[in-house]
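See below for the structure under consideration.
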Amino acid sequence: MSKITTELLLERAVPRSTRLRKIETLNLSKLQLKTGDLDPRLFSRLRHLQKLDLSDNLLDKFPNSLTLPDLRVLNCNNNKLEDVTALKQFPLLEELTYENNVYLTLNDDYKVMFLLQNLRLLNGKDITKLANHVRRVNSRKLTSKVTAHWEKFFRDQLPEKHTAEQAKSIKKKFLKSVQTNVVYGPSSLSEFTRWRVKMIAEEFLAYSLGLELNSDTEPEEKTDENEEESTESPREAAEDVAQVVHIYDPLVTVTPSKRKRNNSKSSPGNKRSKSQANTEEEAEDVSAEPLHFLQCHSKGNSREDFKTQLWSCVFEPVLDSGARKDPIVSSSRTVATCGGESVCLIDCETGTVLKKYKVATEEFFSVAWTTLTMVISDSRKKAHNILAAAGRRGIVKLIHVAADFCYGEIKAHKKPIATVCFSPAQETHLFTASYDKRIALWDIGIPDCDYNFKASQLLVLEAASIPLRIALVPTCPEQYLLAGCEDGCFAWNIKLDKGQKSRPFEAIFQFPDDESMTTSHRVDGLAFLNDDVVVSKSSKPGCIYLWSWSRSFDAKGKGCQRTMSAVILAELEWSTTDMSYLTLSTCPAKEYVFCGDEKGSVWMYNLSNYTTAWGSPKGKRSERRISPTQILKWPELRVNGEQPPEILVNNVVADPAFTYLVVLTSVNITAIWKKS
């Protein structure tokens, strides 16, 4: 027998009532109620009920036909709810709370935001702006992706005159495929995305093709076709992502022998890379497999664009909340890449372009991440990842990725910006290195809940030539900065307690050049391998230097613009090309150095056997050049039956755990490798 009776409802009304139809507020908390106790026939008599408290009960779901047409406020805290979709029967609901329902997740929050068009408060938070984004922007982006998926993979499979059985079959295949392959937003919302994708796909099939629509599917929110969106705003995110060409598969064939080398079944003791250069000693094979080859920075989304240069990529930091953290790997698998007029966010595992930001008049050269603790609308603080992107226009774009919003820009320089980086010690401090031969330090501030922010210039470092690469010294990131420039390698004192806002360089480093030492050479690659070891190129062709910061820089010396000899620890054997701007990177946690070459190959150096010796006070220089541990050869790709033109590797970056390797090329192809 049900615990709920007419007498109980009248008694628990606030204030008490004599008739069910007069009750506007009802408190049914702490009654040990289960789903079966909510009798639809009895509740249908509560025609004017506006506020209902069902907190502290044992409800696992809502019956589908409670019929409360005027319900505005619902409290379901401390229950055992597993699903929220039945709440769509309360279309006038404005306030909803369901905290401490352990089975509900962020995905359920997004579901109710979409289903309840009048919802303003969810668990005490004002969700008006976010809900509008979910109903409008999110729906529009997913609709675009679903439509593109049909056009690309399924349209030609359905005959113009088809039978009911053919329609049923193609519908089943399409629904399965679209839920698997259409991805949008962070991985933490994948369940919501699949739910919406299925809903949109069924609507598409029903309204566009006349295929049967499931009766329990909720219609999609109609979007305002005239809603304005800035061409420079990330809110264009996925409008053109459907044009991304996954070159690796199925449009491209990779020569089987090229892949077989990484699947060798030989014993570990005999395992050797067949792609590495001829070296004096054999080295291990890291067994990296090509996952994806993407063409996602095309100008005008042209599949014929093999001219756009790709320049910079950085993996997204993992937030403490784990919003973008994949449980399988220990670091983020989301990478930001830039080149041409666009910046892309790519899921390395799936090869999905999660977001794409475009500025039609820009050519992006560099991207950098920082994590800011921002105050959200209810005065609580929360960490969010912010992406800075800059390039030819000398302007820094600031993008709040989770909100899909470019919230501001800094007009940093009058000439192009070659590279940017954030300070690891001060999350709002951004360095911009420009073709105006200056490196500027900015405080980008922290945006408030309305994205108001104030940026200020803190410092200007004067360089003798164009700075190409910059790196903060790990042991003192608030005091010294290194820069590889067109005419040498320089160091500056960046400590802010010094009164001088504009500063000349404090030191220039000499490197071996044939039989002598020289300061005059282009340094187009610069990174720290650990707290002390610097990796730089190119003093001379075919060579990458490793040198000690602490033993090279004399901090006790007086005066500026001093010449110091770099204390060389080792030389890495590299390509003999004289091609410039093929930069290098490091993976400090795994003690690896990576550098691409003029043939599309990636040279990898595992230096874990050397770093201990280099770190000792009397560490000696390695007498002979260190050969690469392995060289990953560029596969024989064919796009539309043809091989791409000459491929230069402009940049190659591994995630902190060295799970993925992202390779950026001169031919608008992003290659993603995964370590086996």
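Computed values, structure above
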read-out	value
In range of the label at Glu95: residues from the range 365-398 whose backbone nitrogen is under 17 Å from the point 7 Å along Cα→Cβ	378
Carbon and sulfur %, accessible surface of the range 423-566 computed with the full protein complex present, 1.4 Å	45
Asp126-Asp487 FRET efficiency (beta carbon distance; Förster radius 56 Å; 0.05 resolution)	0.55
Fraction of alpha-carbon pairs over 12 Å apart in the range 29-80 - percent	63
Across Lys176/Lys307; Lys80/Lys173; Lys30/Lys51; Lys356/Lys454; Lys88/Lys382; Lys145/Lys173, pairs whose alpha-carbon gap is larger than 24 Å	Lys176/Lys307; Lys80/Lys173; Lys356/Lys454; Lys88/Lys382
Antiparallel content of DSSP bridges confined to the range 6-104, in %, to 5	10
Cα radius of gyration and Dmax for the range 571-648 (Å)	15.9, 57
Accessible solvent surface per residue of the range 6-104, calculated while the other protein chains remain in place, 1.4 angstrom probe, Å²	52
Gain on full stretching of the segment that runs from Thr5 to Ser190 - 0.36 nm per residue minus C-alpha separation	62.5 nm
Heavy-atom accessible area per residue - the range 129-209, 1.4 Å, Å²	51
Low-density loop cleavage sites - GluC sites (Glu not before Pro) in the range 108-165, where at most 13 other Cβ are within 10 Å (DSSP)	Glu160
Cut-off under 5 Å, modelled amide H: who pairs with Lys415 long-range	Asp436
Label-point separation, Val73 to Thr576 (7 Å along Cα→Cβ), nm	8.1
Accessible-area value, Lys34, 1.4 Å probe, nucleic acids and ligands omitted, Å²	120
Label-point gap, in nm, between Lys414 and Ser44 - each point 7 angstrom along Cα→Cβ	7.7
Inter-centroid distance (Cα atoms) of the range 1-49 relative to the range 379-448, Å	56
Förster-model FRET efficiency, 35 Å R0, Lys161 and Ser302, C-beta, rounded to 0.05	0.50
FRET E, pair Ser608, Lys381, Förster distance 30 Å, beta-carbon r, rounded to 0.05	0.15
Length gained when the stretch Lys501-Ser565 is fully extended (0.36 nm per residue, less Cα-Cα span)	20.3 nm
Fraction of accessible area attributable to carbon and sulfur, the range 6-104 (%, probe 1.4 Å)	44
Average silhouette area of the range 129-209, convex hull of alpha-carbon atoms, in square nanometres	5.4
Translational diffusion of the range 6-104, µm² s⁻¹ [Kirkwood Rh, Cα pairs; Stokes-Einstein; 20 °C; 1.002 mPa s]	160
Calculated log₁₀ intensity ratio I(q)/I(0) where the Debye formula runs over C-alpha points of the range 462-588, q = 0.21 Å⁻¹	-1.29
Whole-percent carbon and sulfur share, accessible surface of the range 129-209, 1.4 Å	53
Ranked order, His292, His297 - accessible area, probe 1.4 Å, largest first	His292, His297
Accessible area (Å², 1.4 Å probe, nearest 10) - Arg303	90
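The values are calculated or read from the model by the stated rules, or taken from the named source; none is laboratory data. The model shown is predicted, which means the values in this text are computed figures rather than measured ones. Reconstructed Cβ throughout: ideal geometry from the backbone, glycine too, with neighbour counts over all protein chains shown. Please note that ligands, DNA and RNA were not included when accessible areas were found on the heavy atoms of the full protein model with its side chains. Shrake-Rupley method; radii C 1.70, N 1.55, O 1.52, S 1.80 Å.
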